[in-house]
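Peer 1: Below are the structure tokens for one structure; questions will follow.
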């Protein structure tokens, strides 16, 4: 399975996050999965790549040319395949299309945007792939509470809230992804209308 991992690029985050993402990624690789990711060498992107590399997994990095040309981010240069794109939106589309599953690890604005994009696409019936939120150190507890509030106030349906799941351990995520069965809910049931 091709696993897309979204996560922080920051090199300044606590080591506990890096260690957990490296462990998860190594386990996924050892189970025969491959990685598609944003090609960063630092933060949790770098952790995912290092874990997959250590586990013998295949790595596809996808990054805009301007990241390389303008030195926006340190690029993980040990990918098996590297795709350079003209834009951020093209980068995301390639990762989304290439992936069989998504794992959202702790991150900032870019990670939030990636999470909500694949969630929106799932709500609109453009994919029915597993989406796992890795809640390391309870990082996403407040997001979970917020999404519950959004559901309770009927801005999204409860079915939409069920399109992804939160997990605290690598093994829980692996079991979820490998055992995932799409629930077949038509996208129209996920939208609140008149």
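Peer 1: How large, in Å, is the stretch 1-153 by the Kirkwood hydrodynamic radius built from its alpha-carbon pairs?
Peer 2: 15.5
Peer 1: Which whole-number percent of Cα pairs in the stretch 109-173 have a distance greater than 18 Å?
Peer 2: Roughly 38 percent, rounded to a whole number.
Peer 1: Taking 8 Å as the Cα distance limit and 6 or more residues as the minimum spacing, I'd like the relative contact order of the chain as a percentage.
Peer 2: 21
Peer 1: Right, next: Let me check against my output: what whole-number percent is the relative contact order of the stretch 130-189, with C-alpha pairs under 8 Å and at least 6 apart?
Peer 2: Answer for the stretch 130-189 is 51 percent.
Peer 1: If you wrap a convex hull around the alpha carbons of the stretch 63-188, what volume per residue comes out, as a whole number of Å³?
Peer 2: Details: hull volume 16.7 nm³, N = 126.
Expressed per residue, the convex hull around the Cα atoms of the stretch 63-188 is 132 Å³.
Peer 1: Relative to the longest principal axis of the chain, what angle (0 to 90°, nearest 10) does the C-alpha long axis of helix 141-152 take?
Peer 2: Rounded to the nearest ten degrees, it is 30.
Peer 1: Now for a different question. Starting from the 7 Å offset along Cα-to-Cβ, what nm value, one decimal, do you get for the label separation of residue 88 and residue 146?
Peer 2: Going by the 7 Å Cα→Cβ label model, 1.6 nm.
Peer 1: I've got another one for you. Any idea what log10 I(q)/I(0) is at q = 0.16, 0.20, 0.23 Å⁻¹ for the stretch 1-82, Debye with uniform C-alpha scatterers and no solvent?
Peer 2: -0.51, -0.78, -1.00
Peer 1: Quick one: of the DSSP bridges fully inside the chain, what percent are antiparallel, nearest 5?
Peer 2: For the chain, the DSSP antiparallel bridge percentage is about 5.
Peer 1: Please work out how much length the chain gains when fully extended from residue 157 to residue 19, using 0.36 nm per residue of separation minus the C-alpha to C-alpha distance, in nm with one decimal.
Peer 2: Here the answer is 46.2 nm.
Peer 1: How long are the three semi-axes of the equivalent ellipsoid for the stretch 75-135, computed from the Cα gyration tensor as the root of 5 times each eigenvalue, in whole Å, largest first? Don't skip to the end; give the middle numbers.
Peer 2: On the way: eigenvalues 79, 42, 30 Å².
Sorted largest first and rounded, they come to 20, 15, 12 Å.
Peer 1: Counting only helical runs of four or more DSSP H residues, what would the 222 nm mean residue ellipticity of the chain come to if each run contributes -39,500 (n - 2.57) and the total is spread over all its residues?
Peer 2: Mean residue ellipticity, 222 nm, calculated: -13000 deg cm²/dmol.
Peer 1: Further question: Please state, to two decimals, what the Cα-based radius of gyration of the stretch 10-54 comes to when divided by 2.2 N^0.38 Å (N = residues).
Peer 2: On the way: Rg = 9.8 Å, N = 45, 2.2 N^0.38 = 9.3 Å.
The stretch 10-54 yields a ratio of 1.05.
Readers should treat all values here as calculations from the given coordinates under stated rules, not as data from a laboratory. Everything numeric here is computed off the predicted structure, so don't read it as measured data. Every residue, glycine as well, gets a Cβ built from its backbone with ideal geometry; the counts of neighbours run over all protein chains shown.
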